[in-house]
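S.K.: Take a look at the following structure, please.
No value in this document is a laboratory result; all are computed from the given coordinates. Because the structure is a prediction, the values reported are computed rather than measured. Cβ coordinates were reconstructed from backbone atoms using ideal geometry, including for glycine residues, and neighbour counts include every protein chain displayed.
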Amino acid sequence: MVAPSSPTARGRPAVLVTGFDPFGGSPVNPSWEAVRALDGSRIAGRRIVGAQLPTAFGASLRQLDQLLQEHQP
């Protein structure tokens, strides 16, 4: 069985776009707001997958690695 997020199930690899969570006391992070607006859309026949990363260096790299494995963009 092929996972729904795998490239084989979708036909073409997705485009992974990331933004960061709010930090420094701000209630929003504009990078995430832009990514959130794109999440789930299709551009040039490619499915856009938006994901929010934490603003903690080690944690963001671990999450990015998981996202790359999951979506194989």
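S.K.: For helix 57-71, what angle does its Cα long axis make with the longest principal axis of the chain, in degrees from 0 to 90 and rounded to 10?
M.R.: Tilt of helix 57-71: around 20 degrees.
S.K.: Calculated from DSSP H runs of 4 or more alone, at -39500 (n - 2.57) each and per residue, what is the 222 nm mean residue ellipticity of the chain, nearest 500?
M.R.: After summing the helix terms and dividing by the residues of the chain, the value is -11000 deg cm²/dmol.
S.K.: Moving on. With label points built 7 Å along Cα→Cβ from the Cα atoms of residue 72 and residue 37, find their separation and express it in nm.
M.R.: 3.2 nm
S.K.: Quick check: residue separation of residue 44 and residue 20 times 0.36 nm, minus the Cα distance between them. What number comes out in nm? Show your work: numbers first, answer last.
M.R.: Details: separation 24, 0.36 × 24 = 8.64 nm, distance 2.48 nm.
My answer for the length gained is 6.2 nm.
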